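Heads up, the thing below is written out as structure tokens.
The values are calculated or read from the model by the stated rules, or taken from the named source; none is laboratory data. None of these values were measured; they are calculated from a predicted model. Heads up, the Cβs are rebuilt from the backbone with ideal geometry, glycines too, and the neighbour counts pull from every protein chain shown. In case anyone asks, the SASA skips ligands and DNA or RNA and just uses the protein heavy atoms, side chains included. Shrake-Rupley method; radii C 1.70, N 1.55, O 1.52, S 1.80 Å.
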Amino acid sequence: MATVTFDHVTKRYPGNVTAVNDLSLEVADGEFLVLVGPSGCGKTTALRCLAGLEAIDGGRLLIGDRVVNDVAPKDRDIAMVFQSYALYPHMTVYDNLAFGLKLRKMSKADIEARVQVAADTLGLEKLLHRKPKALSGGQRQRVALGRAIVREPKVFLMDEPLSNLDAKLRVQTRAEILRLHRRLKTTIMYVTHDQVEAMTMGDRIAVMRDGLLHQIGTPQELYMRPANLFVAGFIGSPAMNFVTARTSPDGLLFGSTRLALRGAWRDAAASVPDGSEVTLGFRPEHLEVASEVPDAAITIPASVDVVEFLGNEELIHAQAEGQEIIALVSSDRKVQAGDQVDFALAMERLYLFDPTSGLSLVR
Amino acid sequence: MTAPALAPKAPPMAGARPRRRWAGTLVRYAILLAFTAFFLLPVWLMLITGLKRFAEVDLAHMWDLPSGIFLENFSAALAKLGPNLLNSVLLAVPAAGISALLGSMNGYVLSKWKFRGSDFIFTAFLFGMFIPYQSILIPLVQFLSAIHLVGGIPGLILVHVIYGIPITTLIFRNYYATVPNELVEAGRIDGAGFFGIYRHVILPLSVPGFAVVLIWQFTNIWNEFLFAIVLTRPGSWPVTVALNNLAGSQIVEWNVQMAGALLAALPTLLVYIVLGRFFLRGLMAGALKG
């Protein structure tokens, strides 16, 4: 077990494409860190750099206290689960698991013991003598996990290991990986593009875009205090509403609606010149349809376009001051298309962003 | 709306289409059979001539069936060609094997361990395929005699191995392009090096590639004539050269000649039948996602 450190790591591809740009982050010993971001954001490249499959162009990579920039993949004491699984098709499940151990000249008895333990853990006992082509997708996925855990490495690297499973199996395997992590307490670096996967699995989440690290923190931190527009829009489902407003001497002017701000929010709005644009953010699930608006809240009047019934909840698509917003409310409100409603929003659920830099104004 | 309008038309069409398709198939097969017969005529002539008595062989009766089956022609041909058949085996087996192995390693490097300039080197390899044999014959003989390899089978093996590198490299490189890179990367992380991955991962997946390359190389080397006649002494002649010299100076025993030609052609057919079974489909199944 070990920590992982990215110290100003940069990776460029030919044609001057910077896949990973000055990435610095630390993964604690035994931590489950999720790298998340849209496709092409550099998360997989960062993982491959750590694996040693890509050479880095700048910075330092450390596993524990050891700088591994120039260490071969096999000597980094890591194991990787590939998105495509990459099982050796000509080997049985047993040989797939044992291959790495055989290459490390482990004794036959030790290999057998380790493979047995891994097979027990993952429920592969009955499949050990099959070849990958005789396995289902979920079974192959578990073999890929097994190949990683028999090695008992310091760090597990997982590259979208669930993306090829169907929805049900994905939820199941998600829990299985978490159980595995709790039992083995090995440091895991996990790459996904799925923010739900990131939120449910990670001790901490690192959000990347265009090779840059945008924010790193616990799922709660990212959800409650997104550092910028991108993180705010990426984390959470359905995505956060963004509307444009202007600052005015006594708060914010959202179309013709005056929003009175207090505390840190008023200070934040006051920190930019009067009349400048700011982006307001608020999550659909934080809006409430209110007949009476409590003092602690601000009010957003809107006209309802469409109501989508989801069962316990419903999604309201509405127009507020000519801008589209979505609210997620409990379905007993009986709101209908065409209604005029007031949405109430607690002050601490409102986010203010600088529209040019995208940075959060409230801190 | 369109479905009811189309419905009345459907029955006559359903009747006409199979009949037309059946007629088309018949014509197609007739043409193919005609070409096949045309292509097999020389083989047929070789077979019936090889079974005839010497007296039965003449231009006027060349298409007549033999009066009986005279296998003596084959034993006569075998007696004369036996040593040369052996020479051909000693030539074609190692030359095909070595060139296939080299091609496989080249293909592995050029598809899985690309380096700066590797694509240029690959193109340069391919260029070798387009150099006509005749144009390098004289310098080749001079070079081989300089290294004392002219006249025997080893020199001929060397020439065929080198001449085989472009095509075997091309076939293997393209074959390995279908092997997922993740398998190589998984091997690297599991602890295998350059040769370890080749031996444990790539080579076991190469069976279909070797089948193609071995059939191709064996057939070409077995049938090759020009290098053989220029580069070997009579004692080392492969069967192609010996067959050509079976004809006496005064008369040609066409029946023995044809029996010899049949004998010389058999091994390539045998190789094709034996190795053809290894054109396995789906060898890579199970490597990647379901």
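Report the semi-axes of the equivalent ellipsoid for the stretch A:120-179 in whole Å, largest first, where each axis is √(5λ) for an eigenvalue λ of the Cα gyration tensor.
After diagonalising the Cα gyration tensor, the semi-axes are 17, 16, 11 Å.
Can you give me the % of accessible surface on the protein assembly as shown that is carbon or sulfur? Probe 1.4 Å, all protein chains present, nothing else counted.
Answer for the protein assembly as shown: carbon and sulfur cover 61 percent of the accessible area.
Run through the DSSP bridge list for chain A and note the antiparallel percent, rounded to the nearest 5.
75 percent
Under 5 Å between amide H atoms, partner at least 5 residues away or on a different chain: which partners does A:V191 have, H built in plane at 1.01 Å?
Amide H neighbours of A:V191: A:L35, A:M158, A:D159, A:E160.
Working out 0.36 nm times the residue gap between B:L126 and B:F225, then minus their Cα-Cα distance, what length gain in nm do you get to one decimal?
My answer for the length gained is 33.4 nm.
Could you tell me what percent of the DSSP beta bridges with both partners in the stretch A:52-207 are antiparallel, to the nearest 5?
So the antiparallel bridges amount to about 20 percent of the total.
Using protein chains only (no ligands, no nucleic acids) and a 1.4 Å probe, work out which residues of the stretch B:175-196 have their accessible area cut by at least 30 Å² relative to the chain alone.
By number: B:E182, B:L183, B:E185, B:A186, B:R188, B:I189, B:D190, B:G191.
List the residues, sorted by chain then number, that are 5 or more residues from B:A247 or on another chain and whose placed amide H is less than 5 Å from its amide H.
Result for B:A247 returns nothing.
Just round it to a whole percent: the fraction of Cα-Cα distances in the stretch A:43-176 exceeding 23 Å.
36 percent
What does the convex hull of the Cα atoms of chain A come to per residue, in Å³, rounded to a whole number? Present the calculation step by step, with values, prior to reporting the outcome.
Working: hull volume 61.9 nm³, N = 363.
Cα convex hull per residue, to the nearest whole number: 171 Å³.
Which one, A:L352, A:T187, A:S291, is farthest towards the positive end of the dipole of chain A when Lys and Arg carry +1 and Asp and Glu -1 on their Cβ?
It is A:T187.
Ignoring ligands and nucleic acids, what accessible area does A:S330 show with a 1.4 Å probe (Å², nearest 10)?
Answer for A:S330: close to 60 Å² accessible.
Can you give me the Cα centroid spacing of the stretch A:220-263 and the stretch B:222-247 in angstrom?
Centre-to-centre (Cα) distance: 88 Å.
Beyond 27 Å between alpha-carbons counts as too far, so tell me which of A:K74/A:K168; A:K185/B:K112; A:K11/A:K102; A:K43/A:K102; A:K74/A:K131 fall in that bin.
Flagged as over cut-off: A:K74/A:K168; A:K185/B:K112; A:K11/A:K102; A:K43/A:K102.
Label point 7 Å out from A:Q319 along Cα-to-Cβ: which residues of the stretch A:237-266 have amide N under 17 Å?
A:243-244, A:255-257
Starting from the alpha-carbon convex hull of the stretch B:17-120, give the projected area averaged over all orientations, in nm². The partial results should precede the final answer.
Numbers: hull surface 60.2 nm².
Approximately 15.1 nm², given one-decimal rounding.
Roughly how many whole Å is it from the C-alpha centroid of the stretch A:291-363 to that of the stretch B:112-181?
72 Å
Looking only at B:V252, B:V93, B:V230, which one moves most when chain B is put into a Gaussian network model with springs between Cα atoms under 10 Å?
B:V252
If you average the alpha carbon positions of the stretch A:155-200 and of the stretch A:116-138, how far apart do those two centres end up, in angstrom?
19 Å
Given the options B:L32, B:L101, B:L269, state which has the largest fluctuation in a GNM of chain B using a 10 Å cut-off (strictly under) for Cα springs.
The residue that fluctuates most here is B:L32.
Mind checking the per residue accessible area of the protein assembly as shown for me, 1.4 Å probe, whole number of Å²?
Here the residues of the protein assembly as shown average 50 Å² of exposed surface.
Once phi is turned into ³J(HN,Hα) by the Karplus curve 6.51 cos²θ - 1.76 cosθ + 1.60 with θ = phi - 60°, what whole-Hz value does each residue of the stretch B:225-232 show in order, with x for glycine and proline?
10, 5, 4, 4, 6, 7, 9, 10
Computed from the mean reciprocal separation of all distinct C-alpha pairs, what Kirkwood hydrodynamic radius does chain B have, in Å?
23.3 Å
Give me the one-decimal nm value for the distance between modelled label points at A:T356 and B:L26, 7 Å along each residue's Cα-to-Cβ direction.
8.3 nm
Quick one: length gained pulling A:R262 to A:L310 fully straight, 0.36 nm per residue minus the C-alpha distance?
That works out to 13.8 nm of additional length.
Using θ = phi - 60° and the Karplus form 6.51 cos²θ - 1.76 cosθ + 1.60, what ³J(HN,Hα) does each residue of the stretch B:122-139 get, whole Hz, x for Gly and Pro?
Listing the rounded values in order: 4, 4, 4, 4, 4, 4, x, 5, 9, 7, x, 3, 4, 5, 10, 4, 5, x Hz.
Within straight cross-link reach of B:K80, meaning Cα distance under 26 Å, which lysines are found once same-chain residues fewer than 8 apart are removed?
Cα-Cα hits under 26 Å: B:K52.
Just for the Cα atoms in the protein assembly as shown, what are the lengths along the principal axes, largest first, rounded to whole Å?
122, 79, 52
With a cap of 13 neighbouring Cβ atoms within 10 Å, and only residues DSSP puts in a loop, list the trypsin sites (Lys or Arg not before Pro) found in the stretch B:71-142.
Taking the stretch B:71-142 and a limit of 13 other Cβ atoms within 10 Å, the loop trypsin sites (Lys or Arg not before Pro) found are B:K114, B:R116.
Out of residues 5 or more away from A:N241 or on other chains, whose amide H comes under 5 Å of its own, with H placed 1.01 Å from N in the peptide plane?
Placed amide hydrogens put A:F282, A:R283 under 5 Å from A:N241.
What residue among B:L78, B:L65, B:L231 shows peak mean-square fluctuation when chain B is described by a Gaussian network model with Cα springs under 10 Å?
Ranking B:L78, B:L65, B:L231 by mean-square fluctuation puts B:L65 first.
Through the Karplus equation 6.51 cos²θ - 1.76 cosθ + 1.60, θ set to phi - 60°, convert the phi angles of the stretch A:353-358 into ³J(HN,Hα) values in whole Hz; use x for Gly and Pro.
10, 6, x, 7, 7, x
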